[in-house]
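This report concerns only the one structure given below.
The values are calculated or read from the model by the stated rules, or taken from the named source; none is laboratory data. On a predicted model such as this, the values are computed, not experimentally measured, just so you know. Glycine also receives a Cβ, built like all others from the backbone with ideal geometry; neighbour counts cover every protein chain displayed. These accessible areas exclude ligands, DNA and RNA; they are computed on the full protein's heavy atoms, side chains included. Shrake-Rupley method; radii C 1.70, N 1.55, O 1.52, S 1.80 Å.
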Amino acid sequence: IFSLSDRPGYLRLYGKELIVSNYTLSLVARRQQSFKYNALTAMEFSSNEENQMAGLIVMYSNTLHHYLYVGYTESIGSYISIMTNNNKDYNQYICEPEKVIPGKQIFLKAVVENKDLQFYYGYSENDLKKIGPILDMSILSDENSNGFTGAFVGMCCNDPATMTNYADFEFFEYIEY
């Protein structure tokens, strides 16, 4: 699922099933320990097939999450968008997909402030722009679920067809404030 030696200095996640799967996911995440935090990563990912995607995910489970991802369609090429899932109320395009440069390092950021989540992206850590609306973090809770795992934030890669594509993550940063 992952390697630290295939590309030294990077975490390589090999794509597995879609994030909604109950089986093999390619995901490295940490528990959210505050209601106010920033999470930032830098990723390189290239895709040429639908359903291959990688990015930054804020999640409670495979049916409760917000996912800022880079994907691919024939009509657009490589793009970035946001997917949400609220107990199987699934929306793959919360915002209009924006074209991105395939394979170029892209910074992905989540800013969480109590019940609000805002995603950002850009090609430089110092030049990030908002993407999509403010999302509801309160859905990622015990009260909205049948479990009690708590919320997580991390990196994800999906390639359900071939399970061979990968994303390289240079770093992951979680800062509470």
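Going by what's in this entry, would Tyr79 be described as over 21 Å from Leu11 (Cα atoms), open to solvent by less than 20 Å² (accessible area, probe 1.4 Å) and at pLDDT 90 or above? Judged against the criteria, Tyr79 is a match.
Selection over the stretch 101-130 of residues that are closer than 21 Å to Tyr10 by Cα and among the hydrophobic types (A, V, I, L, M, F, W, C) gives a count of 5. Scanning the stretch 146-158 for residues that are modelled with pLDDT of 95 or more and part of a loop (DSSP other than H, G, I, E, B) gives no hits.
Table: residues versus (1) in contact with a Leu (Cβ under 8 Å, 6 or more places away or on another chain); (2) in contact (Cβ under 8 Å) with a residue 40 or more places away in the chain; (3) over 23 Å from Leu117 (Cβ atoms).
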site	(1), (2), (3)
Arg12	yes, yes, yes
Leu40	yes, yes, no
Glu49	no, yes, yes
Ile57	yes, yes, no
Tyr79	no, no, no
Asn85	yes, yes, no
Asp89	no, no, no
Glu96	no, no, no
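Out of curiosity, is Glu74 surrounded by fewer than 17 Cβ atoms within 10 Å (Cβ to Cβ) and of a type outside the set (Ser, Thr, Tyr)? Yes: the conditions hold for Glu74.
Residues of the stretch 159-174 that are assigned to a loop (DSSP other than H, G, I, E, B) and open to solvent by 40 Å² or more (accessible area, probe 1.4 Å): Pro160, Ala161, Thr162, Met163, Thr164. Of all residues in the stretch 7-45, those satisfying the criterion of being under 17 Å from Asn165 (Cα atoms) and polar (S, T, N, Q) are Thr24, Ser26.
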